[in-house]
1. Which of the aspartates and glutamates could a cross-linker span from LYS199 if the Cα-Cα distance has to be under 17 Å and same-chain partners fewer than 8 positions apart are dropped?
2. In the neighborhood of SER39, defined by Cβ-to-Cβ distances under 13 Å, what is the net charge if each Lys or Arg adds +1 and each Asp or Glu adds -1?
3. How far apart, in nm, are the 7 Å Cα→Cβ label points at GLU399 and PHE113?
4. Throw me the Rg/Rh for the chain, computed over C-alpha atoms with Kirkwood Rh, two decimals.
5. Which one of ALA183, VAL166, LEU193 has its Cα pushed farthest toward the positive end of the charge dipole of the stretch 160-202, where Lys and Arg give +1 and Asp and Glu give -1 at the Cβ?
6. Using Cα pairs closer than 8 Å and at least 6 residues apart in sequence, work out the relative contact order for the chain, in percent.
7. Need the full-extension length gain, GLN226 to ASP93, defined as separation in residues times 0.36 nm minus the C-alpha distance. One decimal, nm.
8. What spacing in nm lies between the two simple spin-label points modelled at MET65 and GLU282, each 7 Å away from Cα in the Cβ direction?
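The values are calculated or read from the model by the stated rules, or taken from the named source; none is laboratory data. Quantities reported herein were computed from a predicted structural model and do not represent experimental measurements. Note that each Cβ is placed from the backbone with ideal geometry, even for glycine, and that neighbours are counted across all protein chains shown. Ligands, DNA and RNA are stripped out before the accessible areas are found, and what is left, the full protein with its side chains, is counted by its heavy atoms. Shrake-Rupley method; radii C 1.70, N 1.55, O 1.52, S 1.80 Å.
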Amino acid sequence: MIRQLIRSYVLLVAVAIALFTVPVAFTLTDQLRDDTADSVLREAKTMALLLGNDDDFSCAALDEMAEAYAGQTPGEVQVTERCDTALPTPKQDAALTRALEKGEPTTDWGSSFIWGPELVITVPARESKVPGDGRNEGPVVGAVRVVYSTDDLTTRLWTIWGFRAVLAVAVLAVAAVIGAAAARRITRPLRQLNDMASKFSDGDLTARSPVTGPPETQTLARTLNQGAERLDTLVASQRIFVADASHQLRTPLTALRLSLDNIADGVDDEFVREDVEQATAEVVRMSRLVNGLLVLARAEAKVTAAEPLALRDIVNERLAVWRPAADERGVTVALGGSADGRPTVLASPGNLDQVLDNVLSNALEVSPDGGTITVRMEPKGDTVVLSVLDEGPGMSDAEKSRAFDRFWRGQGLTGRAGSGLGLAVVKQLVTDDGGTVVLRDAPGGGLSVEISLRASQRSGG
């Protein structure tokens, strides 16, 4: 939009310059042409008077005048043979014939477009009826021709048009600068609204737009701010409800699981025991779902600030917690890659623990018996990439595009389905700390979860 406004402004200025400058330039060109023709014609008529007198004094004066004229101007004087003079004789042409036979002067610019290389003016010379009378109103007795070079006129013409062209370019450049400033000022409220919309799309519901600009944009900004305020309030209420509901459900679910465990211990019937175990599994899955909702609600609330944390210490701690569960399945959990370094990352306390727990839980869920889960840390400029690779079936592109959706569940090799919130929680926590998470195909098969975290200045090699 800014470019369109600048182009429109410059085009408007260009039209204004064309309307006011071009006519002036043409007027000056015509004036230069007319003034030159009048000046040359006046000099030619003066010399024609001297030629018409045909006396020694007039002929001498004609020679002197023609010589002076040739020395001071780019013109050359030519006269027909009448008095004793050294001036050249004009060639016979239509203009000379018209002057001698009809007594009419002619002005020939040599071109229909502005002028040619020479201006040729031919005037008749009449004999004076009364001796000493300078009016020369008698019959035509000769002609005077002035051949005037237009090189100087052409130079002046280029000066007239060139100056205006340079001035026009300078004005257009200034207009472009002023137009850019004006366009930015005009579109500033729209850019502020766009910034607000971008922050909204990134999940920042606290973004607001300043109420500035013309009345229309002010009204729009107020409307959007009011809508954003209401939306933020509704979402905050929803988060509080989810957090409170999840927290309240944890106690009865724990009690229900204990009751089912007690029932299972006191039942000898195999069929009843199987039903109780299935109910217990559903209670466990529901507990995981409630815990996931509670973690997600807390993550969206952004109650903690990021601080430098030693990534390797957190990884070693979480691997130590998950290795016993992996050993039961014969799954190896290995720390690979650039594990010798001790990178420090910016993250909220507790977030990385939950991220690793969810990713390792999913990796163990899909890993075959005897498989390997590899955790790697690799510093890359201002970020540290934490990767968790498994040897499971992996995901298709369609599954990867939906994996971070809430309540979307994939089926692991063990047959146990998750709550569908694990990766959603991972993405929320990582995004809150200014990082990113992507899913890629692991080399040799399986899935690679790559988590990019902001490196702290305290990172060491």
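1. By straight Cα distance, LYS199 reaches GLU229, ASP232, GLU300, ASP432, ASP433.
2. -2
3. 7.6 nm
4. Rounded to two decimals, Rg over Rh is 1.53.
5. VAL166
6. This gives 10 percent for the chain.
7. Fully extending the segment from GLN226 to ASP93 adds 38.9 nm.
8. 12.8 nm
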